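One structure is given below, encoded as structure tokens.
Each reported figure results from applying straightforward, stated rules to the coordinates on display, with no laboratory input. Quick caveat: nothing in here was measured; it's all calculated off a predicted structure. Note that we place each Cβ from the backbone using ideal geometry, even for glycine, and neighbour counts take in every protein chain shown.
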Amino acid sequence: MAQVTDASVPSSARSGPMTRSGGMSDRAIAWLFISPTILLLLAINVFPLIWTVHMSLTNYKANMGWMKYKSVGIGNYRDILTDSDLWEAMQTTAHFVFWSIVSEVVLGFGLALLINRKFRGHSFWTTIILLPMMLSPAVVGNFWTFLFQPQIGLFNYVVSFFSGIDPASFQMIGDVKLAPWSIVLVDVWMWTPYVMLICLAGLRSIPDYIYEAAEVDRASAWRRFRSVTLPMVMPFLMLAVLFRGIENFKMFDMVNLLTNGGPGSLTETVSITLKRAAFEKWQTGWSSALAIILFLTVFGAANIYIKALNRVKQR
Amino acid sequence: MIGKSTAHSVVEASAVSRALSGTVVVLYALITITPLLWIFLTSFKTPSDSVAYPPKVLSEPTVEGYCNLFTFHSRQDPDYIAHLPPPTGRCDLLARSRGMVIAGASKTPGRLVNSVVIGFGSTFLSVFLGTLAAYAFSRFRVPGKDDLLFFILSTRFMPPIAVAIPIYLMYRQLGLLDTAVGMILLYTAVNVSLAVWLLKGFIDEIPREYEEAALVDGYTRIQAFIKTVLPQAATGIAATAVFCLIFAWNEYAFAVLLTSGTAQTMPPFIPFIIGEGGQDWPAVAAATTLFVVPILCFTILLRKQLLRGITFGAVRK
């Protein structure tokens, strides 16, 4: 930094580089500029979090605020970790996260490889493919219930048109076997473009001379892919997988509107369990403990994500 | 070094493979866009056409869905309708042809206004706070900078449902439940992390020489910031604003838990648009169309900045 320093200021204020006389010190400006953001985050993120920790150790019920509540220690946490329904919700979430990410990576990477060949009109078609990921997940979940309508929905019609299966013979949302796949399908429709976009950035970060060198070595196309393309795109792909993993792990809006956890609790992901416990059963203490467990999981994953982000940034 | 001709054959795809890739991508794009086109077409159908089997791609277009979205109507007996003064507009006419009369405006305009107010309010606030913080992080030596930046971004990953419980209780205490102010503050807190990270990237790219020249000319730091940095960061600020706006516009989890009436936005409202006997699909489709069109326009405008936005500024395109 090359600020103009003023030697006449008192030594107490000289800790940071100074601007010309008349202005505030850089350090004062830095804190003036940063503190509103930090204060807002403390008030709306950190304080509620601390409150959640406190509530998670009690049997508080938010709809009966007048009742005395008492500390239950780590009782809520013990209940949660031994709750079989919750483990089922965890499995549902894992199924959703795993299959949606696998499909998105395969489709997204594939599309990125194709788009990277720069055919005529590629940027127009890329923009079209991007559209779903910019929409509101809740609104998307809602209009897919229309496309998934039993018998008359467009989805059933298209499937029966191409496969000959009777459109009245299956229901995407109501059927026990198909419902978990309906949320995967909508997620893939919505988020494949995200993975594609990041892979595309990875592909475009590979300098041409590496491929040229591979050509000199007479490497086959498959070998070029395996030893140049894949390792170079990997950090970007990791970024996409981590981000989608975190987002899908806490997925609420799309699933809430598409299936609302149903039929029964078959597509009930952890976030939906949490919403039901907190805002329908009003088990505030229990759900606060669950919120903390979820938060710690996501925080750990986010930590890795931000490290990966910085690694990509340094390239 | 290798000759240009050899390099060309490796890096550039052949014409055949390019055409083939093009076909596959166009096919995927067409499949992907079908649900959106379907919603758009449905918004111009009559309720019975919207649920016809086999699905009707093209039907006599009608604005009934949009009318139903914006008005309340009640069923009346034909005698009563026959004695009314002549219909005043297309919506009136359509309602009467179904044996209904328009009883007033629906909640839709209010919900749209809420979405706009909360969206723009929180966007303005997050970009304002974000620009200041990003400038400070970009230009000054801040103790614990990396930790602070990490903390700021990590708040974005919080599961909304997990923080919704204490925020619900806190807002209930403060009287902020179901208010636009409460929602603006909340969305600002979520968006400011993205704003700081994105804007820091943009400001990092602006050469410091400009400010230093301004400082030498006798400007104070703050004047130099306003006169040299802000104008040069304008594109970045605009892109950041659009990202914040899209988030606030689309947000559902907080909206459905913390608002119920006066401050309710469109996402929790759209699924509850119902007609006589269940969901009125053309009206829902009309609401979805109106809701989604601004986002589609922004996406097309922003496609170049998109990647920066979704990777928190790490990847440039």
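Data overview
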quantity	calculated
Per-pair calculated FRET efficiency, R0 = 60 Å: A:Ile74 and B:Arg90 via Cβ, rounded to 0.05	0.40
Chain A, relative contact order in percent, only Cα pairs under 8 angstrom and at least six apart counted	25
Helix axis angle, B:281-302 relative to chain B longest principal axis, alpha carbon, degrees	20
Length-normalised contact order for the range B:62-107 - Cα pairs under 8 Å, 6+ apart - percent	56
Chain B - percent relative contact order, Cα under 8 Å, separation 6 or more	25
Ellipticity estimate at 222 nm from DSSP helix runs (n ≥ 4, -39,500 (n - 2.57)) divided over chain A, nearest 500	-20500 deg cm²/dmol
Exceeding the 32 Å Cα-Cα cut-off - candidates B:Lys227/B:Lys304; A:Lys70/A:Lys307; A:Lys250/B:Lys56; A:Lys70/A:Lys275; A:Lys177/B:Lys304	A:Lys70/A:Lys307; A:Lys250/B:Lys56; A:Lys177/B:Lys304
Expected 222 nm ellipticity per residue - DSSP helices of 4 or more, -39500 (n - 2.57), all of chain B, to 500	-20500 deg cm²/dmol
Electrostatic dipole magnitude of the range A:204-299 [Cβ: Lys, Arg +1; Asp, Glu -1; Cα centre; debye, to 20]	160
Among B:Leu132, A:Leu197, B:Leu215 - extreme Cα towards positive end, dipole of the protein assembly as shown, charges at beta-carbon	B:Leu215
Average beta-carbon neighbours from other chains, 10 Å sphere, peptide B:16-28	6
Per-pair calculated FRET efficiency, R0 = 41 Å: A:Ala168 and B:Ser74 via Cβ, rounded to 0.05	0.75
Charge tally in the Cβ shell below 11 Å around B:Pro55, where Lys, Arg are +1 and Asp, Glu are -1, B:Pro55 excluded	+1
A:Phe225 versus B:Asp147: modelled label distance in nm, points set 7 Å from Cα along the beta carbon direction	4.7
Mean Kyte hydropathy of -0.5 or more with a Cα span along the axis of at least 20 Å, helices from DSSP in chain A	A:26-41, A:84-115, A:179-204, A:230-249, A:284-314
13 Å beta-carbon shell around A:Thr269, net charge (K/R +1, D/E -1)	-3
Distance (nanometres) between label positions extended 7 Å along Cα→Cβ at A:Ile210 and B:Ser260	5.6
Spacing of the two label points (7 Å from each Cα toward its C-beta) at A:Val106 and A:Arg218, in nm	3.5
